[in-house]
1. Residue by residue, what Karplus-based ³J(HN,Hα) values in Hz, rounded to whole numbers, does segment 156-172 have, using 6.51, -1.76 and 1.60 with θ = phi - 60° and x for Gly and Pro?
2. Which whole-Hz couplings ³J(HN,Hα) result when phi for each residue of segment 257-262 is put into the Karplus expression 6.51 cos²θ - 1.76 cosθ + 1.60, θ = phi - 60°, listed in order with x for Gly and Pro?
3. In whole angstrom, how far apart do the alpha carbon centroids of segment 308-370 and segment 89-117 sit?
4. Long-range amide H contacts for residue 237: which residues qualify at under 5 Å (H placed 1.01 Å from N, peptide plane, sequence gap of 5 or more or a different chain)?
5. Based on the Cα coordinates of segment 279-356, what is the per residue volume of their convex hull in Å³?
6. Take the Cα pairs of segment 116-188, get the Kirkwood Rh, then feed it into Stokes-Einstein at 25 °C and 0.890 mPa s and tell me D in µm²/s.
7. Note down the accessible area of residue 80, probe 1.4 Å, to the nearest 10 Å².
8. Ignoring everything but the protein chains, give the 1.4 Å probe accessible area of residue 344 in square angstrom, nearest 10.
Amino acid sequence: MKTIKKIVTVICMAALMLGSGYIGARLAQAENEQTALRSSPHGDTLADTPSSGDFENIGHAEPFEEETERTLSLPDLFDMANPAVVAISIEVIGRNAFGQQVSRPSAGSGFLITSDGYIVTNNHVIENAGTITVLMHDGRAFPAEIIGRDPGTDLAVIKIDATDFPYLAFGDSDAARVGEQVAAIGNPLGQLANTMTVGYISALNRDINIDGISISKMQTDAAVNRGNSGGPLLNTRGEVIGVVSAKSTGTDVEGLGFAIPSSQTAAIVGQLIEHGFVRGRAILGIVVSDNGGGQLQIVTVNEGSAADKAGLRVGDVILEMHGQSIAAFSGLRRILDNAAPGDSIEIKVRRGNGERVFTAVLDEYRPAAL
């Protein structure tokens, strides 16, 4: 894994607190934006978008026969894409120091992928949401529901109940090149909805570790900030080639943003719409923490999970899984990612002064909220 020294990777959303409890005032709004009848990347008008039943085409934009003629100027790119980019305001449910349930405001970004209201964003934007409100470019606000989410890729799909929306198409991130110009549109700071920043692709296939999960991402120097999470990273043809998800900060850091490539996103989004989760993901059913000695200690065993049925307990220290030594969460994650639900896996743990080996039959991951 490539590392970036002295950089702390933070989630752009970062539980952003809004003083007003809602998205702040918009910077600008063209008088005729509500018509939203500009040409889409497919060559169709945005008013003639397909229905949500046509999900097999998600992520498969048609190739351009005359690419140079399809390249948009930056102002035209904004005018075309902006109506399909949304600001997301949520109320996060949690508990205070006294154990009382409380809510706090937070914000992120997203973008429409169908004419009838399916929106892509980041999982970390909405995973603890009590209520979700989507603000359109023209000032309209809609309540939204969670359709599906995937913590493993930090992607989620939400939906608003209306039709005839403009939408964006996924492009081919595998064809992206370092040095290619890109633009990000989003809701930085949760108060500056529909802001566009411009930069270049700085690197491809960066393995970025967030909350113990390593995800391959595209690096860009287009400015992204808290609240940009879930917004689109666009090429100059108006295609989404990445979903903005993280940035790196520090006193000596500038111009380091990251996006989930569209080549990963399209298939995940299709599964989230169809099933609500990504099928085929193996799960053990434990929560672990580093015990300070370079080993993982089990701190939670979910009742009825594969780990529970196998006999694992809170306090066990994982030594090996599937015959491989485990010294970090990334190692455990890698083994589970290469396994399938129903697979049997041997787990060696230290319990007290002794060592024991258990066999767990892995479960299929399903979000508890779905």
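1. 8, 10, 10, 9, 10, 9, 6, 9, 6, 8, x, 8, 10, 10, 6, x, 9
2. Along segment 257-262, the couplings run x, 9, 9, 6, x, 5 Hz.
3. So the two Cα centres are separated by 32 Å.
4. 72
5. Measuring per residue, one finds 89 Å³ for the Cα hull of segment 279-356.
6. The Stokes-Einstein estimate is 173 µm²/s.
7. About 10 Å², rounded to the nearest 10.
8. 80
The values are calculated or read from the model by the stated rules, or taken from the named source; none is laboratory data. None of these values were measured; they are calculated from a predicted model. Only protein heavy atoms, including side chains, enter the accessible area calculation; ligands, DNA and RNA are left aside. Shrake-Rupley method; radii C 1.70, N 1.55, O 1.52, S 1.80 Å.
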